[in-house]
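Step one of this worksheet: look at the structure below.
Bear in mind these aren't lab numbers, they're just calculated from the coordinates by the rules spelled out. Note that the structure is a prediction, hence the values are computed from the model and not measured. FYI the Cβ positions are ideal-geometry reconstructions off the backbone, even for glycines, and counts take in every protein chain you see.
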Amino acid sequence: MTGSTVLAVERACAELTGAAPAETVRVRPGPKTAVYRVRLADGRPVVVKLFAADTTHGAADEARLLAAVAAAGRVRVPAVIGYGPVPGLAVSALVTADAGTSTLGDAVRVGQMPRPAALLRLALLMAAFHSTKAPAGVPLAPGIGQQVSALAAHCPKQVFVRLAPALDSAQARKLCSSREPLRSADPASARERL
C-alpha cells in the first residue's frame, strides 16, 4: 500500500469505532493490505486492517468471511467492530477486537507446547477455518493455496493432511503424497490439548 497509512488508521478508527487512536503499532505491511494493532483513546484494544482500493478482496469481503466462520462455530474469530471505506482515501478498513499477541510459535518457544502439537493445532484450526464456505459473491484472498503449500514444507505428513481442506484437490494430492510421516509426536495426545 502507498500513501499515508497513519492518516488512514486515524480516519478508520474515528469513522468505524467513534474513538481516536491513542497508540498505533504496525503489525504487517504489504502491497495491498496493512495491519495495525491500536489502543483507542477510550482504552479498547483493536486491530485495523487496511485494504487498497484496487484489491480484489476488501474490508467488506473480509468482514463477511469472518461472520461466516463465526456462525459456523468451528473457530473463534475476533469480533468485527466495523468495516467500510475510509473517508477521503482510496482504502477500506476492517476493525476487529484485538485477540492478543500470543501465538502458537510463542507457546513453542517458551516450552508450553511441543512443535508437533503446535503444528497439529494449526492444521486443525486452518482446516476448520477453510472448511467454511465463503458467502456468495465474496472473492477469496489471492494466494491462500500458495501460503498453505509453503507452510506444508514445515509439517509432517500426518499434520499436513489436516491442512488439505484449505487447498484445491490437485495441490492437496501432490503435497500429501510427498510428505514424510510423523515420527516424533502422538497426534491423539496433541489433539487433547486443543
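Sorting Leu124, Leu7 from the fewest to the most surrounding beta carbons within 10 angstrom yields Leu7, Leu124. Distance from the C-alpha centroid of the stretch 105-142 to that of the stretch 35-68: 19 Å, rounded to the whole angstrom.
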